[in-house]
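To keep things clear, I will list the structure first and then write my remarks on it.
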Amino acid sequence: GWCPLSPAGAQTTQLLVEPPWRPAVLWDRVTLTCQGLGTASDTTWYKDGQRWEQQVQDKFAVTERGTYTCDRPGTGRSLPVRVLDDWLVLQVPARALLEGETVTLRCRC
């Protein structure tokens with residue numbers, strides 16, 4: 001099964017971004033998926049710090065700019081994901097990066 005580990009070794013709630021670039025931009029047709037303990041219906045979404053009742057599943061296509069987090073019982077709230085609608089964005093891969101690693105940046109306009 002799925003068992004993400006934080007640096008401390010505890011399970012955490014993960015907010016996955018597709019396509020996997022940060023910051024995410026609306027015109028990339030971004031999908032967010034919340035992963036953690038419990039079922040899809042246990043997911044609570046937050047947009048710009050406020051509970052967001054529009055979404056009741058663990059996955060959805062983003063249609064509004066904002067900062068999103070999700071919460072799952074037992075693993076808590078995820079780290080935030082920003083979704084922008086800016087005209088010019090410098091993006092990095094949406095994954096953990098290690099010091100000294102070669103990374104590809106994308107300048108999107």
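When the residues of region 71-88 are filtered to those that are closer than 15 Å to Arg29 by Cα and surrounded by 15 or more Cβ atoms within 10 Å (Cβ to Cβ), the one that is farthest from the chain's Cα centre (by Cα) is Leu84.
What are the residues in region 72-103 that are farther than 19 Å from Asp42 by Cα, modelled with pLDDT of 85 or more and of a type in the set (S, T, N, Q), if any? Hit for region 72-103 is Thr102, nothing else.
A residue that is at positive phi, in a loop (DSSP other than H, G, I, E, B) and either open to solvent by 50 Å² or more (accessible area, probe 1.4 Å) or touching a helix residue (DSSP H, G or I) at 6+ places or on another chain (Cβ under 9 Å) (or both) can be found somewhere in region 47-70. Within region 89-105, track down each residue that is open to solvent by 60 Å² or more (accessible area, probe 1.4 Å) and not β-branched (Val, Ile, Thr). Leu90, Arg95, Ala96, Leu97, Leu98, Glu99, Gly100, Glu101, Leu105, listed by residue number.
Can you tell me which residue within region 10-44, out of those that are in a strand (DSSP E or B) and more than 26 Å from Leu90 (Cα to Cα), is least open to solvent (accessible area, probe 1.4 Å)? Ranking the qualifying residues of region 10-44, first place goes to Thr44.
The values are calculated or read from the model by the stated rules, or taken from the named source; none is laboratory data. Keep in mind that what you see is a predicted model, and the values were worked out from it rather than measured. Heads up, the Cβs are rebuilt from the backbone with ideal geometry, glycines too, and the neighbour counts pull from every protein chain shown. Areas reflect the complete protein model, heavy atoms only, side chains present, ligands, DNA and RNA absent. Shrake-Rupley method; radii C 1.70, N 1.55, O 1.52, S 1.80 Å.
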